[in-house]
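Chemist: The following block contains the structure, expressed as structure tokens.
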Amino acid sequence: MHGRYCGGWLNFQIGPVRTYEAVPRVFFLSSSFAGFLGFMMLRVVAPLIVNCFLIAVIVILAIFFQPSPDNVTWFYIVTLIIIMAMNLANGIYQNSVYGIVADFPDNYINSLIIGNNLCGVFTSVLSILTLIISPDDIELNALLYFSISLAFMIVCLLSLYFLVKLPFYQYHIARGVEARAEEEVDNPSLRQYWECFQLCWVQLFNNFYVYFISLFIFPAMMTDSVYADSAKGRTSVFGDNFFYPITTFLNFNLFAWIGSSLANYIQFPSAKYLWIGVLLRTIFLPFYLFCNYRPDTRRWPVLFENEWWFTIGCTIMATTCGYMSSLALIYTPA
């Protein structure tokens, strides 16, 4: 039971990086109405402290607590509460960071997307390394993963102390404060939000739909597509244990990072026609339905039986996800 719990945490946290990012977007919207309330940097620091505490709790539970059938119900309730608290903290954190970056030049907002995708690459590599170090010890894998995550969270928290002292940071923040003071928009009204939305709703839709298609497929549909199953005689060139970590998670996060980085140098199509490329990505839905998706219950024929179709499809989907989501954000201020 202990191993199954650690495995559940490990699979939930390491695997669906993009799914984990999707939930905070709900809280992102709700907290945006309080975007100008309070000290912005405090709203960045506080969620980091909360997440450090929650990750430490997870490590302690994994080390010292072994759930039995009698207490497994409340144990998973505690787990769900931790997950909800993490996503709430992440929603506030992301909203606050975007609020700070709004004072910087327009292209800096793409740096946040690049950073998010690079984080996905890091967690995917970390997942693979833990499997290499200890392929059969799920508890050790969980402890390694969350201990390293906690260390990086602490480093991130400490780095903010030096960030706020940088002249570059202070210069742009001061300019933002002055601009808001001149325009008297420190506390925007709902009417101002609506006026802003009317000007940029197309790019907001583009950004939403890019993630809608991507998160509809990744990781749920992809991890239900079976191309490595030794019990049924299916073997993969990547190995049974590393098929999903490599072809799904590392593949998606790596090429999403590459795609978002490309948006800094190549910006095509233009803001006027970006929606066409965004809608064309809908084709990935039927593509993955005709991969070996849920082979035990499907009735449709499998058109893409080779694992390379599956892998290359993920590469293209991830690259376009990173590229077009970044373009949508870059075009939004204009």
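The values are calculated or read from the model by the stated rules, or taken from the named source; none is laboratory data. The structure presented is a predicted model; accordingly, all values stated were derived computationally and were not measured. Please note: Cβ atoms are built from the backbone with ideal geometry, for glycine as well, and neighbour counts cover all protein chains shown.
Chemist: Looking for whichever is farther than 21 Å from residue 219 by Cα and aromatic (Phe, Trp, Tyr) here; the options are 65, 122. Which one fits?
Modeler: 65
Conditions tested, residue by residue: (1) within 26 Å of residue 213 (Cα to Cα); (2) modelled with pLDDT under 65; (3) surrounded by fewer than 20 Cβ atoms within 10 Å (Cβ to Cβ); (4) outside the structural domain of residue 205 (by TED's automatic domain parsing).
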{"position": "13", "(1), (2), (3), (4)": "yes, yes, no, yes"}
{"position": "20", "(1), (2), (3), (4)": "yes, yes, yes, yes"}
{"position": "54", "(1), (2), (3), (4)": "no, no, yes, yes"}
{"position": "63", "(1), (2), (3), (4)": "no, no, yes, yes"}
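Chemist: Conditions: (1) of a type outside the set (Val, Ile, Thr); (2) exposed (fewer than 12 other Cβ atoms within 10 Å of the Cβ); (3) not assigned by TED's automatic domain parsing to the domain that holds residue 45. Residue 182 meets all but one. Number of the miss?
Modeler: (3)
Chemist: Step by step: first the residues of the stretch 291-334, then only those that are of a type in the set (S, T, N, Q) and without any contact (Cβ under 8 Å) to a residue 24 or more places away in the chain, then the one that is farthest from residue 193 (Cα to Cα). Which residue is that?
Modeler: Ranking the qualifying residues of the stretch 291-334, first place goes to 306.
Chemist: Let me ask you something else. May I ask you to say which residue of 211, 171, 244 is more than 27 Å from the chain's Cα centre (by Cα), at pLDDT 90 or above and part of a helix (DSSP H, G or I)?
Modeler: 171
Chemist: Report whether or not residue 115 is loosely packed, with under 15 Cβ neighbours inside 10 Å, within 16 Å of the chain's Cα centre (by Cα), closer than 25 Å to residue 327 by Cα and not β-branched (Val, Ile, Thr).
Modeler: Criteria met by residue 115.
Chemist: Return the residue satisfying two criteria in turn: it lies in the stretch 292-334 and is part of a helix (DSSP H, G or I) and among the polar types (S, T, N, Q), and of such residues it is nearest to residue 237 (Cα to Cα).
Modeler: 311
Residue by residue, here is whether (1) more than 16 Å from residue 150 (Cα to Cα); (2) in a helix (DSSP H, G or I) holds:
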site: 40; (1), (2): yes, no
site: 45; (1), (2): no, yes
site: 60; (1), (2): no, yes
site: 75; (1), (2): yes, yes
site: 80; (1), (2): yes, yes
site: 84; (1), (2): yes, yes
site: 93; (1), (2): yes, yes
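Chemist: Being within 16 Å of the chain's Cα centre (by Cα), farther than 21 Å from residue 311 by Cβ and not acidic (Asp, Glu) is the requirement here; does residue 251 meet it?
Modeler: no
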